[in-house]
Structures are given as structure tokens and as C-alpha cells.
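Colleague: Sharing a structure, written as C-alpha cells. Questions coming.
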Amino acid sequence: MRLNKDRIKRDIIKELQTERAINIDEASKLDIYYALSSLMKNYIYENWLKTNRQYIRNSEKQVYYFSMEFLMGKLLVSNLINIGIKDICQEALKELNIDLNEIEEIEKDQGLGNGGLGRLAACFMDSMASIGVPGHGCGIRYSYGLFEQKIVDGYQVEFPDKWLQNENPWEIKRKEKSVKVKFGGNVRVIEEDGRLKFIHENYESVLAVPYDTPLVGYKNKRVNTLRLFSAEAMEQDFDFSNFSRGKYIEAFEYKHSIESISQVLYPDDALEAGRNLRLKQEYFLVSAGIQSIMRTFKKLKKPIEDFHEYIAIHINDTHPALAVPELMRILMDEENLGWDEAWNITANTISYTNHTIMSEALEKWDVEMFKSLLPRIYMIISEINERFCRELWNTKYYGDFDKISQMAIIAHNQIRMAHLAIVGSYSVNGVAKLHTELLKKQELKDFYDYYPYRFNNKTNGISHRRWLIKSNPKLTELINETIGRDWINLPTKLRKLLKYRNDPAFQERIYQIKQNNKIKLSNIIREKNGIDVDPGSIFDIHVKRLHEYKRQLLNVFHIMYLYNSLRENPHFDIYPRTFIFGGKAAPSYNMAKQIIKLINTLADKVNNDSRIKDKIKIVFMENYGVSLAEDIIPAANVSQQISTTTKEASGTGNMKFMMNGAITLATLDGANIDIKNAVGEENIVVFGLNEKEFLELYRSGSYNSMELYNNDIRLKTILNQLKGGFFSVKKDELSIIYDSLIKHNDEFFVLKDFDSYVKAQKKIENLYRNKPKWREMSIVNIGSSGVFSSDRTVYEYATGIWKMNLHNGYY
Ligand code: 26Q
């Protein structure tokens, strides 16, 4: 379809008239948003159909990315970009006196994820479609995404995220493709034709109704599918069995309890909850997803023994690890394969990414609860476990009970999902070099010793289409003007910018763009927080989920140190800085919530202290999420990536910031190390214990935070301020922070790294004062960011793990 500005204008006007019965001059922003999305769908659907037809016709191998989270953000503008009509659309709208940015604001973020893991899934969807991987997302259509955060009196308060309040124009409900998911009941074993049969009976059925969203590739006419399932009660159960017996209210209660499965996303991103509803969600996703894949597979008319030649299933952490027993169940109980054949297919279909090494976050399920909710699946896991343990006994670990019980899938009345995922898959990967090394050397060492070939690294990436082209259009324009446009399809070509690193004219333009982005963010801050910040100050930004290991506290302590120094000595020399924070705390994570309160309390005090003469401003931006990130990141000078070494598997915010020209202030953790290797150590500011020092100190148990408290007057002052009445908060309120650092010996080494952090911050300041130097660093960061495009990551998954042949001409 040829598109031009006039055609788009005509289409919008017509769409408003025929679909919404309104003239353009009376149309609301919402009307325009729907009109625009609906005419885009006309452009998208044709290619969607074609892509699907082509996949079936050519029997191309398909990958299904199973994830409990997809943090997609807004789709309107990114679809416009990928279709290739953003600019003409913007002009067309302008001629109709409509500002595309205002229309975009109407759209609600699709916030079906907690943070890194969910956003990674979204970036992968964009990259798969764009580099030509036949790949689809499979997830849950939560009625409520991650809670909306409001700050009330300095505290986080959670509100439901009603993202579906208005109709979602991007999804198509496909009721006819619904599948049944079965919970509870019992399994009867019978013998038939000399084989055991497993009859699942007295179960409760839940209908999994798919909603499909098109995933548009960048200017390549390819459209993949994000399929999210919603839980509905089966009409006959709900209408007849209860209703007809006069149990009217009970019928509704029943319906409600079934539908609760897809009601809400769990908001904890690192604490294992072990809840029954969460287990239901996980099985619901996996069972619906695999049944739906089976249907597609049948269309290919290939022998079931070859399943894994046509289908790859990738699981995003262990949350969908029940894919292993569920695929076994379907192959054995429904397709009548024997155990060995089914196992061969399963273990060659599934691959697994680990995203965390923190043991608190490893999923485990209580056997009793599991058995009663999923009796057949439990039998299969038991069998997998027995066979695995027997194999260990017969091969490498004869007589070694300890080893075998450490590696078992079921032990101490718990099912260990990570062990299930590793045993049942052919590939296990970490998400940055250090992370993968730690998995091999420590957390999963036993499994690495046993299955060395399964382990591999895939360093994370981000979509440069969303995190540069969409969020920073002016920088994109400058890049295009300077080095042409081939970096869009091959982002490592951004390296061509390095040639201009010392070019004063280019540096000046980079600076101007950053300034404009900072002014825009300042306006948002003024509007949302009522705080005036100076775009001439250093924008020092720390945005991510709130977690002790991410050490927002370390940042706060440095600010308190600067503040104390300025109060003591008004001539204390600092370059003006704006410290910007954002991030949600899990609703049950008290310590994280207290840290939010501390930031806000400190902000109030500092921002209103005239003695400080505006040299420091502190802003906590509420409800940090994808869209806010798109406004914040392009305005950053400093990117805070300061987790306790070994704790952050990768981080992906770090990549977004560097791609937008911020300088990273980093510990040697996760992908910060890969970033350092990409930019060179002169173009990043590193501090703190390295991995070896951390592990030594940790293992020797010789760390004593009290000593630091006693010997560093800066720390003593700050900690006493927390405990004493320096902050006008409820008595003892902030002392849980004090206690964690002193009484509980500072598990995350905040005090330990403090001195090194202060020095690194001083270094940042000196570098910033040296304008050509800072601008050069900024250019080097942008120019080196191409390898952190998720296009590269997905390419590595597709060729290295999923065994696909790609021929798109770029990679
Ligand atoms: C588990 C059980 C019950 C309820 C919730 C959960 C749960 C949910 C989400 C556990 C963990 C998560 C999310 C983890 C996550 O986002 N990890 C991050 O993944 C990123 C992408 O690989 C990395 O960059 C980050 O380093 C890692 O923290």
C-alpha cells in the first residue's frame, strides 16, 4: 500500500466519520487515537496474514518466547516507526492541527511486567520481528498490570493499574482459539493394550482465551504475534451445574474465582512468594501456550517425532518451567508417545534463561500444594526426578547421596524449578558475561559440571528503535545526518560516530540535543513535582526498581554527605547537580519503602534549604515505568548503575543510558563490565569492590560495618542523622535503615563502598567541568552502544540456541 500525507489525512477524516460518527473538528484526542490505530491496523493486518501464511507454507521453524511478563509500554508511535510512516503521519496530523505527542499521551502503557525481565521480553519481540525471526510471545493478559505508584506524604502508595479501562485497539480476541486448562482432581491409572493410561478426572476447567497483538517488524513487512491468554469460566460449568440448581450467587463466586487467575500481575520482582494463585498463573500460561502451539504444529502435517525441528520454546526464567512436564504430558497422554520419545522431544524443544543469582528469588513449590493443584503434572515431575537421580547415581555420582540430593528436582518436600528447567532443556544461559560465569562457577556449579555443553552466555540488549529512535528523535536525526541510516538495520555501525568524537561542531550539536532533552524533562518535573530544576546542572539519574542490592541508599548517602559539607562550609565547591530518582518498591518490601520515604524526606529538606543555593536538587519521580523512562533517559548526564558486585545479573537500563550519551557511574557488576569493555575504561567511571574482593570479603566473614561507622566521620554523621531527629519523621521510622547497616552488618556493602563512591562522584564532577572531554566521552558511549541492541542479542539466540537460519541480508 502506498502511503502519503494526503492519503493519511483523508483516511483519518474518513475513519472518524465512518467508525466513530464524528467530524474531525469535534473529535477528542481519544477519538483520534482510535482512528489512527484503526487505520494503522489496515496497513498491519495485510502483512500479518501474509507472514502467518508464509510461516505455515514454508514450514519455517517458530520460536515461542514464554514469559510471565511483557512490559510493552505504548504501541502507537513505535508501530508508526516500524511501519515507516511516523514522519508523514506526524505531518499529516499537524496539518489537521493535531500534535502526535498529545495523541500518544492518551495511550495507556501496557505495563504487564515488573522491570528488567519483562522489558527484555518486549525488546526481544521488537527485535525478532525486525531481524526476521519467526518468533512469538506467549503470556498472560493480566487485567491489572504493575500497580500505579503515588507518593503521598513521601510514602509509596499503590493503586490498581486500570490499563484496560478504555478499549485496547491493538489486540484481537480470538475466542474460537480458546483452550481448556485443567486444575485439581485426581488421576486414575488404568492398563490398556499393555500400556498404562493416566485418566485425569474431577478436575476444574478454565478457559484460556487468546488475545493477539501484532508485532510489527521495522520496515520489513513482517508481523509476528504476541499471544496473551485471559482466564474465563467455562459457560456450561457456570451456567448449568450451579445456576440450574438454584445456586445463583455461588455460580458467580465460581466464575470470579476462575477469572482471578489472570486478574493481576504479582508485583514482587525478586522475592519468592510461593503462593497458590501464582502457581495457577504459571501453569495456566504454560498449558494454554503449549496447547495452542500444538494446534499450529498440526497444520504443518509433520510427524510428531520431528516436533523440535519446527518448534522452539524459550522460557524467560523459571516462571514458565512447567513447560517441561506439560509438554511431556501432552506428548504422552494426548499424542500417545512413550516416555523416551516424549523426553527426547521435550528436552530438545525447551531452552531456559536464568535472570538472577539471588537465592531468595529461586522458585520452589511446596509438594503438597502442588500435588493437589496439578496431580498429573506432579506425577510427571516425580518421574523426571527419579530418572534424573538414578542417572546421576549410575554415571557420575555413584554412592554420593549428598551430591544427588543437592541436585535433585524434588527434595525436602519442595520442587525446585531451576533444577527442573535445567534438566528438561538443552540450553541454559545467563544474561551477561560475569553472570554466566557466576552461574557456572557457583550457583549452578553442580549442573555445569554435569552438563557443561548446555551453559552459554547471551548478553542482554535493548531495542534501539524504542530507546533511541523513538525516545530521542533529535539525536536520531543528527546521527542519520552524520553517518547515514544503515545503523538502523545494523546498529554496530553506530561506531562510525567515533570519528567525530573530537569534532567541536559535532560535540556542540550533541550538547545542544542533550540540553533540549534536559529542558523538556525539567518542564515535566516542574509540572509533576512542582520543583524547579536547572537544566544547566548535572542530571544524575538513578531509576530502576527499588532494591537494597541496587543501592539507592549509597546514592542517598553521598547526597547527604554533600549536603552536610555544604551546610558546614557554604563555599564547599560543587558543580550544581540534580539528583533524579524513580522506581517502585514491591508492596511488601518494607525496607525498600523506607528508602523511598528517606529520599523524599531528604529532597524536601535539601530543596528548601536556602543555604544550599540550589546547588543540589533532589527529585523523586513517581510511577517510574516505560513511558517515563523514555522521557528521563535521553536527558541524563550520569547513569547510576551501582549495584553490589555480583548481585545484578545484567541490568538493561545501563544500556539505554549509554545509547543516549550518558556516562555510566558503575560497579563492576552485570553488563556494566561488558559496557566498560565496549567503551574503554576512560569512558566510564568505575568504583567499588570487584568480584574477587567482594567474594573474598564475603566468604571470610571479616567485614565489620561498625568499624567503618567508627572510623569515617562522614558515615558516622549520616547514620546518626538517620537515627536521631535530623529528619522530621516519626520517631524511629528510619532506624530500620540504620539497623540494617549497623546491627545487621550491611549485607550490601553500602558503607564499604562509600569512600570509593564519593571519589568516583568527584571524578564525574571534574570530568563534567572539562566540557570537550565530557562530550567526547558521551559520543564514544553512543558510538559504542550498537552491540547492546537486542537485535544482536536475538540474533545470537536465534543462531546459537534456537538453531534457525536467518537470511535477512544484515546479519
Ligand atoms: C517470582 C515468583 C513469584 C512472584 C514473582 C516472581 C518474580 C517476578 C519477576 C521474580 C523475578 C522477577 C524479575 C526479575 C528480573 O527482572 N530480573 C532482571 O532481569 C533483567 C533481564 O535479564 C536483568 O537485566 C536484571 O539484572 C535482573 O535483575
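The values are calculated or read from the model by the stated rules, or taken from the named source; none is laboratory data. All values derive from a computational prediction rather than experimental measurement. Ideal geometry is used to build each Cβ from the backbone, glycine not excepted, and the neighbour counts take in all protein chains shown. Keep in mind that these areas ignore ligands, DNA and RNA; they rest on the heavy atoms of the full protein, side chains included. Shrake-Rupley method; radii C 1.70, N 1.55, O 1.52, S 1.80 Å.
Colleague: Output the residues belonging to the range 364-386 that are in contact (Cβ under 8 Å) with a residue 40 or more places away in the chain and among the basic types (Lys, Arg).
Modeller: Lys364, Arg376
Colleague: Determine the pairs where a residue that is over 21 Å from Leu602 (Cα atoms) and open to solvent by less than 10 Å² (accessible area, probe 1.4 Å), located within the range 619-648, has a partner that is modelled with pLDDT under 95 and outside any strand (DSSP E or B) with Cβ atoms under 6 Å apart, the partner being 6 or more residues away or on another chain.
Modeller: Thr645/Leu689; Thr645/Glu691; Thr645/Phe694
Colleague: Within the range 92-150, track down each residue that is open to solvent by 20 Å² or more (accessible area, probe 1.4 Å), more than 16 Å from the ligand (Cβ to nearest atom) and within 17 Å of the chain's Cα centre (by Cα).
Modeller: Asp109, Arg141, Glu148
Colleague: Continuing with this model, one more query. Report whether or not Ile88 is open to solvent by 10 Å² or more (accessible area, probe 1.4 Å), in contact (Cβ under 8 Å) with a residue 12 or more places away in the chain and at negative phi. Please lay out each step first, then the result.
Modeller: Working: open to solvent by 10 Å² or more (accessible area, probe 1.4 Å): yes; in contact (Cβ under 8 Å) with a residue 12 or more places away in the chain: yes; at negative phi: yes.
So Ile88 passes the test.
Colleague: Filter the range 250-271 for residues that are farther than 23 Å from Ala585 by Cα and of a type in the set (Asp, Glu); which is farthest from the ligand (Cβ to nearest atom)?
Modeller: Glu250
Colleague: What do you reckon, is Ser405 surrounded by 21 or more Cβ atoms within 10 Å (Cβ to Cβ), closer than 19 Å to Tyr451 by Cβ and either away from the ligand (no atom under 16 Å from the Cβ) or not acidic (Asp, Glu) (or both)?
Modeller: Details: surrounded by 21 or more Cβ atoms within 10 Å (Cβ to Cβ): no; closer than 19 Å to Tyr451 by Cβ: yes; either away from the ligand (no atom under 16 Å from the Cβ) or not acidic (Asp, Glu) (or both): yes.
Answer is no for this residue.
Colleague: How many of the residues making up the range 476-507 are touching a residue at least 40 places away in the same chain (Cβ under 8 Å), part of a helix (DSSP H, G or I) and open to solvent by 10 Å² or more (accessible area, probe 1.4 Å)?
Modeller: 9
Colleague: Looking for something within 16 Å of the ligand (Cβ to nearest atom) and either under 24 Å from Trp163 (Cα atoms) or in contact (Cβ under 8 Å) with a residue 60 or more places away in the chain (or both) - is there at least one such residue anywhere in the range 73-84?
Modeller: Of all residues in the range 73-84, those within 16 Å of the ligand (Cβ to nearest atom) come to 73.
Okay, now just the ones that are also either under 24 Å from Trp163 (Cα atoms) or in contact (Cβ under 8 Å) with a residue 60 or more places away in the chain (or both), so 73.
Yes: the range 73-84 contains one or more residues that are within 16 Å of the ligand (Cβ to nearest atom) and either under 24 Å from Trp163 (Cα atoms) or in contact (Cβ under 8 Å) with a residue 60 or more places away in the chain (or both).
Colleague: Something else: Show me the helices (runs of 4 or more DSSP H) entirely contained within the range 241-359 in which 1 or more residues are open to solvent by 10 Å² or more (accessible area, probe 1.4 Å), within 17 Å of Gly118 (Cβ to Cβ) and not aromatic (Phe, Trp, Tyr).
Modeller: Numbers: elements: 248-259, 276-300, 307-310, 323-329, 339-347.
It comes to 276-300.
Colleague: Return yes or no: is Lys730 of a type in the set (Lys, Arg), under 27 Å from Gly625 (Cα atoms) and either open to solvent by 20 Å² or more (accessible area, probe 1.4 Å) or in the same structural domain as Ala629 (by TED's automatic domain parsing) (or both)?
Modeller: Numbers: of a type in the set (Lys, Arg): yes; under 27 Å from Gly625 (Cα atoms): no; either open to solvent by 20 Å² or more (accessible area, probe 1.4 Å) or in the same structural domain as Ala629 (by TED's automatic domain parsing) (or both): yes.
So Lys730 does not fit the description; no.
Colleague: Another question, if that's okay. Could you check how many residues of the range 610-635 are more than 16 Å from the ligand (Cβ to nearest atom), out of contact with any Asp or Glu (no Cβ under 8 Å at 6 or more places or on another chain) and at pLDDT 95 or above?
Modeller: Filtering the range 610-635 for residues more than 16 Å from the ligand (Cβ to nearest atom) gives 610-623, 627-628, 630-632, 634-635.
Add one more test, that the residue is out of contact with any Asp or Glu (no Cβ under 8 Å at 6 or more places or on another chain), and what stays is 610-613, 615-616, 618-622, 628, 630-632, 634-635.
This time we only want the ones that are at pLDDT 95 or above, so: 615-616, 618-622, 628, 630-632, 634-635.
Within the range 610-635, residues that are more than 16 Å from the ligand (Cβ to nearest atom), out of contact with any Asp or Glu (no Cβ under 8 Å at 6 or more places or on another chain) and at pLDDT 95 or above number 13.
Colleague: Now a separate question. Conditions: (1) open to solvent by 40 Å² or more (accessible area, probe 1.4 Å); (2) closer than 27 Å to Leu373 by Cα; (3) within 21 Å of the chain's Cα centre (by Cα). Lys180 meets all but one. Number of the miss?
Modeller: Result: Lys180 fails condition (3) only.
Colleague: Given (1) modelled with pLDDT of 95 or more; (2) more than 18 Å from Ile290 (Cα to Cα); (3) open to solvent by 20 Å² or more (accessible area, probe 1.4 Å), where does Glu192 come up short, assuming only one miss?
Modeller: Condition not satisfied by Glu192: (1).
Colleague: Within the range 509-520, how many residues are over 15 Å from Glu481 (Cα atoms) and either of a type in the set (Asp, Glu) or open to solvent by 50 Å² or more (accessible area, probe 1.4 Å) (or both)?
Modeller: Matching residues across the range 509-520 total 5.
Colleague: Among the listed residues Gly800, Gly783, Gly724, which satisfies the condition of being closer than 23 Å to Asn654 by Cα and either of a type in the set (Gly, Ala, Ser) or open to solvent by 40 Å² or more (accessible area, probe 1.4 Å) (or both)? Even if it seems obvious, please write down each step before you answer.
Modeller: Working: Gly800 fails: closer than 23 Å to Asn654 by Cα; Gly724 fails: closer than 23 Å to Asn654 by Cα.
Of the residues listed, the single one that is closer than 23 Å to Asn654 by Cα and either of a type in the set (Gly, Ala, Ser) or open to solvent by 40 Å² or more (accessible area, probe 1.4 Å) (or both) is Gly783.
Colleague: If I go through the range 487-530 residue by residue, how many of them are closer than 19 Å to Pro772 by Cα and β-branched (Val, Ile, Thr)?
Modeller: 2
Colleague: Further, regarding this structure: Just the residues that are of a type in the set (Lys, Arg) and in contact with a Lys or Arg (Cβ under 9 Å, 6 or more places away or on another chain), please, taken from the range 74-95. Give the derivation first.
Modeller: Pass one, the range 74-95, residues of a type in the set (Lys, Arg): 74, 86, 94.
Those that are of a type in the set (Lys, Arg) and in contact with a Lys or Arg (Cβ under 9 Å, 6 or more places away or on another chain): Lys74, Lys86.
Colleague: Please indicate, with yes or no, whether at least one residue in the range 632-643 is under 23 Å from Lys763 (Cα atoms), part of a strand (DSSP E or B) and hydrophobic (A, V, I, L, M, F, W, C).
Modeller: The answer is yes; a qualifying residue exists.
Colleague: Only residues that are assigned to a helix (DSSP H, G or I) and closer than 12 Å to Lys433 by Cβ: list them for the range 649-683, please. Explain how you work it out, then say what you get.
Modeller: Quick first cut of the range 649-683, residues assigned to a helix (DSSP H, G or I) only: 653-659, 670-679, 681-683.
Result: Gly670, Ala671, Asn672, Ile673, Asp674, Ile675, Lys676, Asn677, Ala678.
Colleague: Now for a different question. I need the full set of residues from the range 360-385 which are open to solvent by less than 30 Å² (accessible area, probe 1.4 Å) and within 18 Å of Ser425 (Cα to Cα), in order please. Break it down into steps so the answer makes sense when it comes.
Modeller: Residues of the range 360-385 that are open to solvent by less than 30 Å² (accessible area, probe 1.4 Å), as a first pass: 361, 363, 365, 367, 370, 373-377, 380-382, 384-385.
Those that are open to solvent by less than 30 Å² (accessible area, probe 1.4 Å) and within 18 Å of Ser425 (Cα to Cα): Glu363, Ile377, Ile380, Ile381, Ser382, Ile384, Asn385.
Colleague: Also, quick follow-up: Identify the single condition in (1) away from the ligand (no atom under 16 Å from the Cβ); (2) at pLDDT 95 or above that Met658 does not satisfy, given that it satisfies every other one.
Modeller: Here Met658 clears every test but (1).
Colleague: Which of the residues that make up the range 360-384 are within 16 Å of the ligand (Cβ to nearest atom) and either part of a loop (DSSP other than H, G, I, E, B) or under 19 Å from Gly289 (Cα atoms) (or both)?
Modeller: Leu362, Glu363, Leu373, listed by residue number.
Colleague: When the residues of the range 578-618 are narrowed to those that are in contact with a Ser or Thr (Cβ under 9 Å, 6 or more places away or on another chain) and open to solvent by less than 10 Å² (accessible area, probe 1.4 Å), which ends up nearest to Thr476 (Cα to Cα)?
Modeller: Thr578
Results for (1) open to solvent by 30 Å² or more (accessible area, probe 1.4 Å); (2) assigned by TED's automatic domain parsing to the domain that holds Asn354; (3) touching a residue at least 12 places away in the same chain (Cβ under 8 Å); (4) more than 17 Å from Met294 (Cα to Cα), shown as yes or no for each residue.
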| residue | (1), (2), (3), (4) |
| --- | --- |
| Ser28 | yes, no, no, yes |
| Lys41 | yes, no, yes, yes |
| Glu46 | yes, no, yes, yes |
| Asn52 | yes, no, yes, no |
| Tyr64 | no, yes, yes, no |
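Colleague: Shifting gears a bit: Considering only residues that are modelled with pLDDT of 70 or more and either touching a Phe, Trp or Tyr at 6+ places or on another chain (Cβ under 7 Å) or closer than 21 Å to Ile140 by Cβ (or both), which ones fall in the range 238-257? Full working, then the answer.
Modeller: So in the range 238-257, the residues modelled with pLDDT of 70 or more come out as 246-257.
Ala251, Tyr254, Lys255, His256, Ser257, listed by residue number.
Colleague: Taking Ile357, is it on the phi < 0 side of the Ramachandran plot and modelled with pLDDT of 95 or more? If you could, list the steps in order and put the result at the bottom.
Modeller: Working: on the phi < 0 side of the Ramachandran plot: yes; modelled with pLDDT of 95 or more: no.
Here the answer is no, as Ile357 does not meet what is asked.
Colleague: So, one more: Tell me the residue from Pro214, Pro169 that is more than 30 Å from Asp604 (Cα to Cα) and buried (at least 19 other Cβ atoms within 10 Å of the Cβ), please. Lay out the reasoning, then the answer.
Modeller: Details: Pro169 fails: buried (at least 19 other Cβ atoms within 10 Å of the Cβ).
Result of the check over Pro214, Pro169: Pro214.
Colleague: Counting just the residues of the range 431-459 that are crowded, with 17+ Cβ neighbours inside 10 Å and closer than 19 Å to Ile313 by Cβ, which one comes out farthest from the ligand (Cβ to nearest atom)?
Modeller: Per the stated criteria, the residue is Arg454.
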